[in-house]
Amino acid sequence: MSTSIEQNIVELLKKEDKAAINLLYKYYSDSLYGVILKVTNDEELAQDALQETFVKVWKNAKKYDPKKAKLFTWLYRIARNTAIDKLRSFNNRFEKEVQIDQSNVYILPTASLNQDVLDLKEHVGRLDEKYQIVLKALFFEGMTQQEASEELDIPLGTIKSRLKIGLRELKKLYVH
């Protein structure tokens, strides 16, 4: 693909011109669909993930920085992460539940736990937003620290610091 088309698409994205999505679809949808299909190995999931990819691209268009990555590289990352999320979500729905009552692995000493604070997502929601964003990306969306850094456009060191502080704040809720 010529760089003039890529530059045109980038300019349209920055202006929030909807023509950018048509051009992105025309020039990149086949390649992105191939990437997504390879991850999901399911045509229906791949089609859903491709659509979500273009929605994410549109919503995050202003975050794209041509100095950091080529347009296709940026699109590829979004498509791949979306496909992974879609596959995880799909697989989680169909996994069998662990039979906790048949295993002593999950027996926890209850004396040191505050029984009123066992809902993790609810308590993450009580943290400062900057810690919430990092914890949700790492634990609920399954991103690595590096992926979270790139996806959230936050330096890796900041991701690590916010993770450490966020976990320390959560620990205060769980231990007497």
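The values are calculated or read from the model by the stated rules, or taken from the named source; none is laboratory data. This is a predicted model, so every value here is computed, not measured. Using ideal geometry, Cβ is built from the backbone for each residue, glycine included, and neighbour counts are taken over all protein chains shown. Accessible surface is based on the protein model in full, side chains and every heavy atom, while ligands, DNA and RNA are left aside. Shrake-Rupley method; radii C 1.70, N 1.55, O 1.52, S 1.80 Å.
Observations on the structure shown:
- Per-pair calculated FRET efficiency, R0 = 25 Å: residue 156 and residue 41 via Cβ, rounded to 0.05: 0.20
- Per-residue extension of 0.36 nm, minus the Cα-Cα distance of residue 92 and residue 172, leaves a gain of 25.8 nm for this segment.
- In this view, the solvent-accessible surface of residue 73, computed with a 1.4 Å probe and all protein chains in place, comes to about 50 Å².
- Each label point was placed 7 Å from the Cα along the Cα-to-Cβ direction; for residue 145 and residue 5 their separation is 4.0 nm.
- Loop-located trypsin sites (Lys or Arg not before Pro) in segment 34-79 (DSSP state other than H, G, I, E, B) with a sparse environment of at most 15 neighbouring Cβ atoms within 10 Å: 67, 68, 70.
- Reach of residue 130 by Cα under 24 Å, taken over lysines that are not fewer than 8 positions away in the same chain: 56, 59, 62, 63, 68, 121, 160, 164, 171, 172
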